[in-house]
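In what follows, a single structure is set out as structure tokens and then discussed.
The values are calculated or read from the model by the stated rules, or taken from the named source; none is laboratory data. Model, not experiment: these values are computed from the prediction. As a convention, Cβ positions derive from the backbone with ideal geometry for all residues, glycine included, and neighbour counts pool all protein chains shown. Side chains included, ligands, DNA and RNA excluded: accessible areas come from the protein's heavy atoms. Shrake-Rupley method; radii C 1.70, N 1.55, O 1.52, S 1.80 Å.
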Amino acid sequence: MAENMEFPTTIVDLPSKGYYYSKDNPLSKGEIECSYMVGKSEDILSSVAYIRKGIVIDKLLESLIVDKTIKYGDLLAGDISQIMVAARVSGYGSKYPVSITCKSCGKRNDVVANLEELHDAVVKFPAEPPYKNEFTFTLPISKQAITFKLLTRNDLTAIRKETESLAILDEDLNRLGTTRMKYSILSIHGDNTQATIRNAVDNMPVADARAFRENYKTVDPDVDFTINFTCSKCGATGREDLVLDETFFWPDTRL
């Protein structure tokens, strides 16, 4: 992230490098200019209406994007993660207190993560930017060729609404995994009709579904939210996931 000290803005380097946006999209530059969090940012964060609708973070991040020709809903999920980290750093600093439970001895450790030390996840990028959000993969069991895309903010919003509706019908069944696949897959064996895709996902062999999800991760640019960890009790070391909870943008709630 490069800061513009003349104005309260920062240039955020996108994990996608801009590879998967069309050439005429400003996001294809691989960076986005965002303003620092200011007083009205906290007004957004405290909006009861936004909180109830589950859109408070989206409204905050959208307000920080300087170029208003950029459509927030078109942003890839991983790029939004980076914008979120930049916003948190600009508003409340890079230090983020978290608790990590040691897998070896069960000791709860209170540590302070440095958000500026987070880096992009390692993914497979093509040699040249395709400037389109489309990938191919052959399912190992059924041998069907599929095309798929990386999920955007609009997709994630639609997925949340659909899974919430499905939960009303059967609250014991979590359909998030299959619903994400249905929104990501563009075609199966050349057939791009929604009925075919949804039926294929519902009846896909488990090994195929798992292989698809693993392949998706290899091309999905995102922020690596793992940090180095050493247990204060037993000395065990490793990498642990940095869980972003409600204190990420409301640090005072930890007090």
Identify, please: which residue in the range 115-142 is in contact (Cβ under 8 Å) with a residue 60 or more places away in the chain and of a type in the set (S, T, N, Q) and is, among those, nearest to residue 13 (Cα to Cα)?
133
Which of the residues spanning the range 198-255 are assigned to a strand (DSSP E or B) and within 24 Å of the chain's Cα centre (by Cα)?
223, 224, 226, 227, 228, 229, 238, 239, 240, 241
Every residue from the range 85-110 that is open to solvent by less than 40 Å² (accessible area, probe 1.4 Å) and in contact (Cβ under 8 Å) with a residue 40 or more places away in the chain
85, 86, 87, 88, 89, 90, 91, 96, 98, 100, 102, 109
Just the residues that are in a helix (DSSP H, G or I), under 18 Å from residue 42 (Cβ atoms) and touching a residue at least 12 places away in the same chain (Cβ under 8 Å), please, taken from the range 59-78.
59, 60, 61, 63, 64
Scan the range 4-58 residue by residue and report those that are at pLDDT 95 or above, outside any helix (DSSP H, G or I) and among the hydrophobic types (A, V, I, L, M, F, W, C).
11, 12, 14, 32, 34
Restricting to the range 139-183, count the residues that are within 16 Å of residue 203 (Cα to Cα) and open to solvent by less than 80 Å² (accessible area, probe 1.4 Å).
14
Being within 21 Å of residue 219 (Cα to Cα) and surrounded by fewer than 17 Cβ atoms within 10 Å (Cβ to Cβ) is the filter here, so list the residues in the range 58-81 that pass it.
73, 74
Selection over the range 194-232 where residues are among the small types (Gly, Ala, Ser) and either more than 20 Å from residue 176 (Cβ to Cβ) or touching a Pro at 6+ places or on another chain (Cβ under 7 Å) (or both) yields a count of 4
Under 8 Å between Cβ atoms, at least 6 apart or on separate chains: pull out the pairs that start in the range 152-169 with a residue that is more than 23 Å from residue 134 (Cα to Cα) and end on any residue that is open to solvent by 30 Å² or more (accessible area, probe 1.4 Å) and part of a helix (DSSP H, G or I).
163/176
For the range 120-129, name all the residues that are exposed (fewer than 12 other Cβ atoms within 10 Å of the Cβ) and not aliphatic (A, V, I, L, M).
124, 126, 128
